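The values are calculated or read from the model by the stated rules, or taken from the named source; none is laboratory data. Source: prediction; values computed, not measured. In this analysis, Cβ positions are derived from the backbone assuming ideal geometry, glycine residues included, and neighbour counts consider all displayed protein chains. Note: areas computed on protein heavy atoms with side chains; ligands, DNA, RNA excluded. Shrake-Rupley method; radii C 1.70, N 1.55, O 1.52, S 1.80 Å.
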Amino acid sequence: MPEVVTDVVCPFCGCLCDDLEVVVENGKIVEVRNACSLGTAKFLSAQKEDRIRKPYIRKNGKFVEVSLEEAINKAAEILVNANRPLLYGWSSTECEAHRVGIMLAEELGAVIDNTASVCHGPSIIAVQEIGLSGCTLGQVKNRADLIIYWGSNPSSAHPRHLSRYTMFCRGFFRDKGAKERTLIVVDVRRTDTAKLADYFVQVKPGGDYELIQALRYAIKTGDLDKNEVSGVPRDLILKIAELMKSCHFGALFFGLGLTMSKGKHRNIDAALSLVRDLNRYTKFVLMPMRGHYNVTGFNTVSTWMTGYPFSVDFSRGYPRYNPGEYSAVDVLLREECDAALIVASDPVSHFPRKATEHLARIPLIVIDPHWTPTAMLADVILPPAIAGIEVDGTAYRMDHVPLMLKKVIDPPEGCLPDRELVKMILDRVRELKARSS
Ligand code: SF4
């Protein structure tokens, strides 16, 4: 008889939808209900034949299957012998693994960083500078009558965001759903989300900062002495400003279109200031559209343990924080690190070519269930159980609400949780260091 596991949390994007039903028959997932296509694919990919199921070490240029003990030993040796190891990734695994990873970084005097440094790092820096008017997604669902997506296309990247939390859902004070809400999309092109919008504001690439400041001016004065700003006509800017001021509860969600375009954290400074200004007239909040399902979790755990959310350097024996200096891409571009441990991430597919070239030159340990381009370059590969499918754990939704990931099926034999694999490396590192001292 098939078993239906209910209230499963989806371990794919920052929405962390917690209403999934997974049908399991003979230890296999046969159906995933309520998930979008991205979430469904993640659950079904766990069962792919070409998944990494064994530990490997590269010997004479070829991957050779080895025992887990030998692979852990080799990984620990690489890290202990390195002068400046880099520990990177972490955003697609559970918080319990983050905790042990940070302990390992401290033990090694390593640099530890997560994918925030190439996505919403600028948002975190801006929030540290001027603060955040935030809320939970539940408050948006129950109260918001104006939704803005700026530089973000949730229809592709967070497919259930609109239906679960913002536009197409009924809330306690919004029981008519979309009929009581207005959707504005600001983007450089007419995305799928923009096609759903009541107002689409097409901004010139790189023109976000000026447009935000023009909106702030229009909100303060009710006027604007330019015919257009960043390609947006004056009348539309005044209209959007008026909609923002007159709503009951507005929510601005922003993505990499704002964080990674010209201006970076200054764009977010300006957006935070815009929302702060709006709170003189109404209730307005702002939230980054976090991508990986537990990128927020790493930033939270790292802040608890080190005082800093990402890009942390332990080389002096205590944590130091400086994005742009201790972020993974910069450490690689300066060819500083001489070994790397990558957990639940594929930097080779996303980092600049020169950073990837250095990663290819140094000893590389990868913990990943799939044969990614990064795994293909590894010297040691450790096969994990997949958090949220084969092992439980904690993850933080994009609004900082922690949720428990469920175990739905057993992992392949010999595949252990990330937290256990990293702990085994940590124990072995301590043994090796004790022996040499
Ligand atoms: S929107 Fe995100 S969390 Fe929700 S089901 Fe889709 S991929 Fe999973």
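Things to note:
Each row is one residue, and each column tells you yes or no for (1) over 30 Å from Asn142 (Cα atoms); (2) open to solvent by 10 Å² or more (accessible area, probe 1.4 Å).
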| position | (1), (2) |
| --- | --- |
| Arg216 | no, yes |
| Ser230 | yes, yes |
| Leu252 | no, no |
| Ala270 | no, no |
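- Val24 surrounded by 15 or more Cβ atoms within 10 Å (Cβ to Cβ) and away from the ligand (no atom under 12 Å from the Cβ): yes
- Every condition in (1) touching a residue at least 24 places away in the same chain (Cβ under 8 Å); (2) open to solvent by 10 Å² or more (accessible area, probe 1.4 Å); (3) farther than 30 Å from Asp346 by Cβ; (4) hydrophobic (A, V, I, L, M, F, W, C) holds for Leu183 except the one numbered (2).
- Any pair with Cβ under 6 angstrom, 6 or more apart, that starts in segment 32-61 at a residue that is closer than 24 Å to Val8 by Cα and of a type in the set (Gly, Ala, Ser) and ends at one that is assigned to a loop (DSSP other than H, G, I, E, B) and within 9 Å of the ligand (Cβ to nearest atom): Ala35/Cys10; Gly39/Cys10; Gly39/Phe12
- Residues that are assigned to a helix (DSSP H, G or I) and either within 16 Å of the ligand (Cβ to nearest atom) or in contact with a Cys (Cβ under 6 Å, 6 or more places away or on another chain) (or both) within segment 291-316 comprise Val295, Thr296, Gly297, Val301, listed in sequence order.
- Listed by position, the strands (runs of 3 or more DSSP E) enclosed by segment 37-110 include none that has at least 2 residues that are open to solvent by less than 20 Å² (accessible area, probe 1.4 Å) and among the basic types (Lys, Arg).
Every residue, every condition in (1) basic (Lys, Arg); (2) closer than 30 Å to Ile425 by Cα; (3) within 16 Å of the ligand (Cβ to nearest atom); (4) touching a Lys or Arg at 6+ places or on another chain (Cβ under 6 Å), yes or no:
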| position | (1), (2), (3), (4) |
| --- | --- |
| Pro11 | no, yes, yes, no |
| Arg33 | yes, no, yes, no |
| Cys36 | no, no, yes, yes |
| Ala46 | no, yes, yes, no |
| Ser67 | no, yes, no, no |
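- Only listed residue being open to solvent by 40 Å² or more (accessible area, probe 1.4 Å), within 14 Å of the ligand (Cβ to nearest atom) and touching a residue at least 24 places away in the same chain (Cβ under 8 Å), chosen from Ser163, Ser152, Ser156: Ser156
- Evaluation of Asp19 against (1) surrounded by 16 or more Cβ atoms within 10 Å (Cβ to Cβ); (2) within 16 Å of the ligand (Cβ to nearest atom); (3) within 30 Å of Leu256 (Cβ to Cβ); (4) not small (Gly, Ala, Ser) (one fails), failing number: (1)
- Verdict on Val5 being under 15 Å from Glu390 (Cβ atoms) and either near the ligand (Cβ under 9 Å from one of its atoms) or outside any loop (DSSP other than H, G, I, E, B) (or both): yes
- Cross-chain or 6+ apart pairs with Cβ under 7 Å, segment 187-203 first and assigned by TED's automatic domain parsing to the domain that holds Met167 and closer than 17 Å to His158 by Cα, then among the small types (Gly, Ala, Ser) and open to solvent by 50 Å² or more (accessible area, probe 1.4 Å): Asp192/Ser156
- Breaking point among (1) within 16 Å of the ligand (Cβ to nearest atom); (2) β-branched (Val, Ile, Thr); (3) modelled with pLDDT under 95, for Val118: (1)
- Take the conditions (1) within 16 Å of the ligand (Cβ to nearest atom); (2) modelled with pLDDT under 95; Asp225 misses just one of them, which is (1).
- Selection status of Val24, outside any helix (DSSP H, G or I) and over 26 Å from Pro373 (Cα atoms): yes
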